[in-house]
1. Condition first: surrounded by 15 or more Cβ atoms within 10 Å (Cβ to Cβ) and over 23 Å from the mean Cα position of the chain (by Cα). Now tell me which residues in the range 26-60 satisfy that.
2. Would you be able to say whether some residue in the range 11-23 is surrounded by 13 or more Cβ atoms within 10 Å (Cβ to Cβ), within 18 Å of P94 (Cα to Cα) and of a type in the set (A, V, I, L, M, F, W, C)?
3. Which numbered condition trips up T47, out of (1) among the hydroxyl-bearing types (S, T, Y); (2) within 19 Å of G65 (Cα to Cα); (3) part of a strand (DSSP E or B)?
4. Would you call K29 over 12 Å from M1 (Cα atoms) and either touching a residue at least 12 places away in the same chain (Cβ under 8 Å) or not in a strand (DSSP E or B) (or both)?
Amino acid sequence: MIDPGLEESTRDELAQTARGRIESGGTLKHEDTWGLRKMAYEIRQRTEADYRWYRFEASPELLEGLDHNLKITDGVLRFRIFRVDPRAPLITPPDPSSMAARPQRRGDRRDDRDEGGDDYGVVEAPAAEAAAPAAEPEPAEAPAASEES
């Protein structure tokens, strides 16, 4: 995630430097520019970042060097390097404009969690089940009496 306050040419240069380091000692499998996106929380008083994504194979030495350089590079807000199963499919994120146009549903907001929703939204019964009358609960059986001697 690159600081959006930088000029676009500077952001591209930072991304190309990271790509060059990857290609110098590893194999770049996929590269994607996700563009400016809103972040879940602020980092250094920024609410959005320029997202760049790389999938690659590299030696542990290259990973250590890349980790060190990204930590000290001005303009890099946050980065993550993690191991992925090479057979895992590539997943592209949804277009940010489609996320903004999506109608908000009950359960999408954090404050709905107190009202019975969970972290994944509210689970609603299908229309056919919702229309059916609720069955009467069966009476509970009385506990068996124990004999005392």
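1. Passing the criteria: G26, A58.
2. no
3. That leaves (2) as the condition not met.
4. It is true that K29 is over 12 Å from M1 (Cα atoms) and either touching a residue at least 12 places away in the same chain (Cβ under 8 Å) or not in a strand (DSSP E or B) (or both).
To keep it simple, each residue is scored yes or no on (1) of a type in the set (K, R); (2) modelled with pLDDT under 95; (3) under 19 Å from I91 (Cα atoms).
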residue: K29; (1), (2), (3): yes, yes, yes
residue: R44; (1), (2), (3): yes, yes, no
residue: R52; (1), (2), (3): yes, yes, yes
residue: R55; (1), (2), (3): yes, yes, yes
residue: L63; (1), (2), (3): no, yes, no
residue: L77; (1), (2), (3): no, yes, no
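The values are calculated or read from the model by the stated rules, or taken from the named source; none is laboratory data. Quick caveat: nothing in here was measured; it's all calculated off a predicted structure. With ideal geometry, Cβ positions are generated from the backbone for all residues, glycine too; neighbour counts draw on all protein chains shown.
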